[in-house]
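Comments concern the structure below.
The values are calculated or read from the model by the stated rules, or taken from the named source; none is laboratory data. All figures in this text were calculated on a predicted structure; none of them were measured in a lab. Quick reminder, even Gly has a Cβ in these numbers, built from the backbone with ideal geometry, and neighbours come from all protein chains shown.
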Amino acid sequence: MSLNNGQKHFLFLVNNYPPKTGGVENHVYNLAKSLVNLGQLCTVVTLSKEPSHSIEDGISVIRIKRGFGFGDVISFPTFLGFQKVNSIIEDLQPSVLSTHTRFFPMTWIGVFLGRKNRIPVVHTEHGSGFVRGVGFLVGLMSRAVDLTLGKYSLRNSTLVLAVSENVADFVYKLAKIQSEIFYNAVDLSTQEVSNQKLISSGNPRFVFVGRLVPGKGADKTLKAIALLKEDGFSPTLELLGDGSEMPNLQLLANKLGLTDEALFKGKVSQYEVMRTLSSSVYVNPTELSEGFQTTLLEAVAAGAQVVTYNAPGVAKLVSQGAPVRVVTSDSVDSLAKTLNDAVSHPLPKIQPSLLEFWSWEYRAKEYLQITDLPA
């Protein structure tokens with residue numbers, strides 16, 4: 001494929017891609033789309049139940065048949081699918097192979113085929129630790145993968161990027177290599193929310209966004225809201241997202257006397273997420289091994305006050321003057337106190353000029369510079 005002067009062809013090898021939603025999927029889609037907007041060529045090779053080839057937002061998306069796997073998250077291509085990936089790389093001869101997250105089979109394949117074809121592999125790591133919040137057997141298996149194929153992928157990539165300082169620390173802990181920070185971002189053009197209202201100190205609105213699974217902190221959020229209600233507030237808590245814990249969390253809300261206050265909205269559109277976050281208090285007591293939660297950026301962009309555990313990327317946002325408060329301990333009392341502070345004494349919104357740093361346009365330009373690598 002012929003390239004114009006200065007143009008690069010990026011080939012992303014990923015297990016999952018939209019319409020499947022998730023942090024890594026959104027990262028890859030937004031990065032590829034932003035690179036295309038800058039005049040670059042982008043191809044995504046991913047796994048799917050049905051093979052297809054289409055152009056989506058200017059990105060060439062090749063879906064090859066998915067074979068053996070664990071659920072719909074971790075899966076392998078069929079043998080013919082592997083051969084298809086190899087032939088795609090040999091035919092297209094991209095400038096850069098881009099892989100994401102150490103424990104995905106398409107990452108291992110990308111690193112192997114990149115070395116085989118002498119094409120630079122830029123690996124972006126999204127995890128800040130060993131997998132948490134899973135059963136003992138799954139945790140044991142995932143750690144075994146990290147210590148073998150995960151370590152192999154990190155050590156044999158041309159360059160490793162980390163989406164936060166916490167991720168960079170984990171990369172060094174696991175593979176003893178240095179990585180370069182490449183923060184997550186948001187598409188600012190989609191973050192416009194009109195008719196924003198100020199937070200009411202007497203009737204505050206709190207928002208939880210994310211999967212309703214163990215470790216994400218929805219249970220602690222409910223308990224903290226119950227304490228605020230006992231203190232005389234008339235709070236509303238909107239929970240955006242679904243997951244295996246939803247029935248248990250609904251029972252907990254009823255037990256805590258939050259039948260009317262806790263609103264379980266399930267999975268909603270991106271516009272609805274931004275509208276709900278607008279001038280609310282975003283609650284983020286996650287205890288999982290997050291890389292850099294995009295919702296933190298979305299909340300800041302929407303004008304929300306943010307109350308969070310010390311998650312990856314939080315220190316950077318605080319240093320830039322974003323309205324972010326960090327909970328000092330993992331107790332429910334501490335969470336409730338910090339929520340009270342956010343409602344009673346809202347922090348100023350981040351300066352628009354600083355918000356540009358978190359845009360995908362800015363990040364894509366940065367990626368172009370980072371990936372100016374020899375073969």
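Below is a table of values for the structure above.
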| quantity | calculated |
| --- | --- |
| Unique match (being over 23 Å from residue 160 (Cα atoms) and in the same structural domain as residue 158 (by TED's automatic domain parsing)) among 65, 33 | 65 |
| Breaking point among (1) at pLDDT 95 or above; (2) assigned to a helix (DSSP H, G or I), for residue 44 | (2) |
| Some residue of the stretch 129-150 being over 19 Å from residue 9 (Cβ atoms) and touching a His at 6+ places or on another chain (Cβ under 9 Å) | no |
| Pair list, Cβ under 9 Å, 6 or more apart: the stretch 291-319 residue in contact (Cβ under 8 Å) with a residue 40 or more places away in the chain and more than 14 Å from residue 26 (Cβ to Cβ), other residue in a helix (DSSP H, G or I) and small (Gly, Ala, Ser) | 305/299; 305/342 |
| Qualifying residue in the stretch 224-231 (condition: closer than 30 Å to residue 130 by Cβ, in the same structural domain as residue 344 (by TED's automatic domain parsing) and at pLDDT 95 or above) | yes |
| Hits in the stretch 1-41 - residues which are assigned to a helix (DSSP H, G or I) and over 25 Å from residue 268 (Cα atoms) | 35, 36, 37 |
| Among (1) of a type in the set (Val, Ile, Thr); (2) more than 25 Å from the chain's Cα centre (by Cα); (3) farther than 28 Å from residue 138 by Cα; (4) surrounded by fewer than 19 Cβ atoms within 10 Å (Cβ to Cβ) - the single one residue 55 does not satisfy | (2) |
| Every residue from the stretch 246-275 that is within 23 Å of the chain's Cα centre (by Cα) and of a type outside the set (Asp, Glu) | 246, 264, 265, 266, 267, 268, 269, 270, 271, 273, 274, 275 |
| Tabulated pairs, the stretch 327-346, first at negative phi and buried (at least 22 other Cβ atoms within 10 Å of the Cβ), second assigned to a helix (DSSP H, G or I) and of a type in the set (Lys, Arg), C-beta under 7 angstrom, 6+ apart or interchain | 335/220 |
| Matching residues, the stretch 243-282, being of a type in the set (Asp, Glu) and either free of Cβ contacts under 8 Å to residues at least 24 places away in the same chain or outside the structural domain of residue 326 (by TED's automatic domain parsing) (or both) | 260 |
| Spans of helices (runs of 4 or more DSSP H) in the stretch 96-194 with at least 1 residues touching a strand residue (DSSP E or B) at 6+ places or on another chain (Cβ under 7 Å) | 105-116, 151-156, 165-175 |
| Search result, residues across the stretch 63-95 that are closer than 18 Å to residue 112 by Cβ, out of contact with any strand residue (DSSP E or B) (no Cβ under 7 Å at 6 or more places or on another chain) and assigned to a strand (DSSP E or B) | 74 |
| Qualifying residue in the stretch 236-249 (condition: surrounded by fewer than 17 Cβ atoms within 10 Å (Cβ to Cβ), at pLDDT 95 or above and farther than 21 Å from residue 275 by Cα) | yes |
| Verdict on residue 322 being touching an Asp or Glu at 6+ places or on another chain (Cβ under 9 Å), of a type in the set (Gly, Ala, Ser) and buried (at least 23 other Cβ atoms within 10 Å of the Cβ) | no |
| Hits in the stretch 53-62 - residues which are in contact with a strand residue (DSSP E or B) (Cβ under 9 Å, 6 or more places away or on another chain) and either more than 15 Å from residue 78 (Cβ to Cβ) or assigned to a loop (DSSP other than H, G, I, E, B) (or both) | 53, 54, 55, 56, 58, 59, 60, 61 |
| Those residues of the stretch 212-222 which are surrounded by fewer than 21 Cβ atoms within 10 Å (Cβ to Cβ) and either at pLDDT 95 or above or β-branched (Val, Ile, Thr) (or both), in sequence order | 213, 219 |
| Filtered residues of the stretch 1-30 (kept if in the same structural domain as residue 98 (by TED's automatic domain parsing), among the hydroxyl-bearing types (Ser, Thr, Tyr) and out of contact with any helix residue (DSSP H, G or I) (no Cβ under 8 Å at 6 or more places or on another chain)) | 21, 29 |
